[in-house]
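The structure appears right after this line, and notes come after that.
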Amino acid sequence: MALTLAVTGGTGFVGGHVLAAAAGRGHAVRALTRRPQPPRQGVDWVRGDLADMAALGRLVEGADAVIHVAGVVNARDAAGFAAGNVAGTAAMRMAAGRRPFVHVSSLAARAPRLSAYGASKLAAEHVARGCAGRVAMVRPPAVYGPGDTEMLALFRAARLGLVPVPRGAVAAMIFAPDLAAALVALAEDLAGAGRAAGGCFEIDDGTGGYPQTALVEAIGRALGRRARAIEVPGAALWLGAALDTARARMTGALPKLSFDRARYLAHPDWRADSAPLRALGLWRPTHGLAEGLAKTVSWYRMEGWL
């Protein structure tokens, strides 16, 4: 049955894939945007942001379910993360009322003491649990795919042949279209049978995780190059964060490798267990790492990013 889905974060990387997944399933979408957007079939753009309750009211009017993707992945301090992730979720929860609510969190919420980002995502989960209607939460690990800018530097480094990675680290991965398909499937379920209601689900490509040394080698194969990982201690990440933070202060920008992110990246175990989600029978990943990386590299090259 075709639904009307209210989506936040639709102008971003993951959100864009959600819009495509929803269209592929025959759903209509209302998507929040701060700036004018080009017309997109099946999407009704709603001007506003998460601090604009009138806009959020227009966003959810007549919607069968809400998919809340929007959030902050980089901020100057804990207050910045709280404003983007916690307050934004609270506003969206209030606007949603009793509508089914799919909340996109992060695997970082599993270890909130490591980073202000992770702490804010866990706090946002607590807020989302208070929804009046059915709610399900998803904790993605590293997300990659066409349109991603966060992991682009890793691909560029692999093209050069040597990539520093945290010593002994393991990370789960998910291809963005597969994540988007899961979010739409959960929205369909919450608007129907509700098997996922109340759940907080980790998600990945079904492998549980990859040693980052193996991940670098896989990126190299996708690029048609031989790439080798160099394992570095946590101290090297702190040094990188110090240098990037100093550079950012001079330019007025946010550092790509902040101290908060360095603490997160230095953690050795970011495995994920998507078995509980897969057991619901609503979704399964369709892309393994090799296929997903190949499609990502192809898109980067087509866009001139690599």
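The values are calculated or read from the model by the stated rules, or taken from the named source; none is laboratory data. It should be emphasised that the depicted structure is a prediction, and the values quoted were computed from it without experimental measurement. In this analysis, Cβ positions are derived from the backbone assuming ideal geometry, glycine residues included, and neighbour counts consider all displayed protein chains.
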Open item on the list: Restricting to region 168-190, and then to whatever is out of contact with any strand residue (DSSP E or B) (no Cβ under 6 Å at 6 or more places or on another chain) and under 23 Å from L239 (Cα atoms), can you tell me which residue is surrounded by the most Cβ atoms within 10 Å (Cβ to Cβ)?
Closed with: A169
TODO: Go through region 142-160 residue by residue and tally those that are under 17 Å from G15 (Cβ atoms) and either in a helix (DSSP H, G or I) or polar (S, T, N, Q) (or both).
DONE: 1
Task: Qualifying positions in region 161-213 - closer than 17 Å to V66 by Cα and charged (D, E, K, R) - done: E188, D189, R195
Task: Among (1) crowded, with 19+ Cβ neighbours inside 10 Å; (2) free of Cβ contacts under 8 Å to residues at least 12 places away in the same chain - the single one R113 does not satisfy - done: (1)
TODO: With the checklist (1) modelled with pLDDT under 95; (2) surrounded by fewer than 24 Cβ atoms within 10 Å (Cβ to Cβ); (3) under 24 Å from D269 (Cα atoms) in hand, flag the one item F81 doesn't pass.
DONE: (2)
Open item on the list: Is it the case, given these coordinates, that R98 is farther than 25 Å from W299 by Cα, basic (K, R) and surrounded by 17 or more Cβ atoms within 10 Å (Cβ to Cβ)?
Closed with: no
Open item on the list: Residues to consider are L257, L243, L280; find the one that is in contact with a Lys or Arg (Cβ under 6 Å, 6 or more places away or on another chain) and farther than 16 Å from P177 by Cβ.
Closed with: L280
Open item on the list: Take the residues in region 289-306 that are among the aliphatic types (A, V, I, L, M) and assigned to a helix (DSSP H, G or I); name whichever of them is farthest from R221 (Cα to Cα).
Closed with: M302
Open item on the list: Given the options E202, E150, name the one that is in contact (Cβ under 8 Å) with a residue 40 or more places away in the chain and touching a Ser or Thr at 6+ places or on another chain (Cβ under 9 Å).
Closed with: E202
- [ ] For region 11-33, enumerate the residues that are at negative phi, out of contact with any Phe, Trp or Tyr (no Cβ under 8 Å at 6 or more places or on another chain) and among the small types (G, A, S).
- [x] G12, G15, G16, A20, A21, A22, A23, G24, A28
TODO: Give the number of residues within region 186-224 that are over 16 Å from the mean Cα position of the chain (by Cα) and either under 20 Å from M151 (Cβ atoms) or among the aliphatic types (A, V, I, L, M) (or both).
DONE: 25
Task: Hits in region 220-264 (condition: touching a strand residue (DSSP E or B) at 6+ places or on another chain (Cβ under 9 Å) and either at pLDDT 80 or above or among the hydroxyl-bearing types (S, T, Y) (or both)) - done: G220, A227, R228, A229, I230, E231, V232, P233, Y264
- [ ] Read through the list (1) crowded, with 24+ Cβ neighbours inside 10 Å; (2) part of a strand (DSSP E or B), then give the number of the only condition that V165 fails.
- [x] (1)
TODO: Considering only region 36-69, state which residues are of a type in the set (G, A, S) and either more than 22 Å from L179 (Cβ to Cβ) or assigned to a helix (DSSP H, G or I) (or both).
DONE: G48, A51, A54, A55, G57, G62
